[in-house]
Amino acid sequence: MLIGAELEKDLLAQATSAATNAYCPYSNFPVGAAVISTDGRIFTGCNVENRSFVSGLCAERVAIAKAVTSGSKELGAVAVHCIKGNPSDPDTLMPCGACRQVMREFMDEDAAVLIEGVGKFALSELLPRAFHL
Ligand code: THU
C-alpha cells in the first residue's frame, strides 16, 4: 500500500500520541504504534506491561490486535515511536523481532514501517526470510 507524506506524518503523530498512554512502570520505556488498514482505518496501541513481566504487551501488537478485532486483517503500514529511545543509538527505536513477525502476518513484505527518529523501511528489510508455514 502506497501512502503519501501527509498520511505518514499523521500515522507517526498518532503513534506518538498513543505512547502517552503507555503503561510501563517496570521499564519506564513508553512506546506507541499506529497501523493503517488497506481500507484506510487507523488503529493505535501502546505497550501495556505487567508485574508478571512476560505478560506484558508491545505497542505494535496491541495496535494490530485492535485492527484485527475490529475486522481489519489487511494492514498497509505501521508507525512506531519509542519516545525514550536514544536517537544516537537508533536500534533503541526499532520494533522488536516478535512484533516484526506479527506485522508480517497482516502486512505485505513491501509494506512501510515508519520509525520515528530513524526512517522508513520496507517490512522485508526489517524481517528478511520471515517464517512461514
Ligand atoms: N516494546 C514495545 O512496545 N515495542 C517494541 O517493539 C519494543 C519494546 C516495549 C516492551 C516493554 O514494555 C518496553 O518496550 C521495554 O522493552
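Of note:
- By the helix-only formula, in which each DSSP H run with n ≥ 4 contributes -39500 (n - 2.57) and the sum is divided by residues, the chain has a 222 nm mean residue ellipticity of -9000 deg cm²/dmol.
- Ordering MET107, VAL35, PHE53 by Cα displacement along the dipole of the chain toward the positive end leaves PHE53 in first place; charges were set at the Cβ atoms of Lys, Arg (+1) and Asp, Glu (-1).
- Distance between modelled label sites at ALA130 and ASN86, nm, 7 Å Cα→Cβ extension: 3.1 nm
- Rounded accessible area per residue of the stretch 83-133, 1.4 Å, Å²: 62 Å²
- Per residue, the solvent-accessible area of the stretch 19-72 (1.4 Å probe, heavy atoms of protein chains only, all protein chains present) comes to 51 Å².
- Largest GNM mean-square fluctuation among PHE106, PHE29, PHE43, using the chain with Cα springs under 10 Å: PHE29.
- When the solvent-accessible area of the chain is split by element, carbon and sulfur atoms take up 54 percent of it, the probe being 1.4 Å.
- Cα gyration tensor shape for the stretch 22-68, rounded if a/c is under 1.5, else prolate or oblate: prolate
- Rounded to the nearest 20, the size of the Cβ-charge dipole of the chain about its Cα centre is 400 debye, with Lys and Arg at +1 and Asp and Glu at -1.
- Sparse packing (at most 11 other Cβ atoms within 10 Å of the Cβ) combined with a DSSP loop state is found for the following trypsin sites (Lys or Arg not before Pro) in the stretch 78-133: ARG129.
- Three-way shape call for the stretch 1-88 based on the alpha-carbon gyration tensor, with the a/c threshold at 1.5: oblate
The values are calculated or read from the model by the stated rules, or taken from the named source; none is laboratory data. None of these values were measured; they are calculated from a predicted model. Cβ coordinates were reconstructed from backbone atoms using ideal geometry, including for glycine residues, and neighbour counts include every protein chain displayed. Accessible surface is based on the protein model in full, side chains and every heavy atom, while ligands, DNA and RNA are left aside. Shrake-Rupley method; radii C 1.70, N 1.55, O 1.52, S 1.80 Å.
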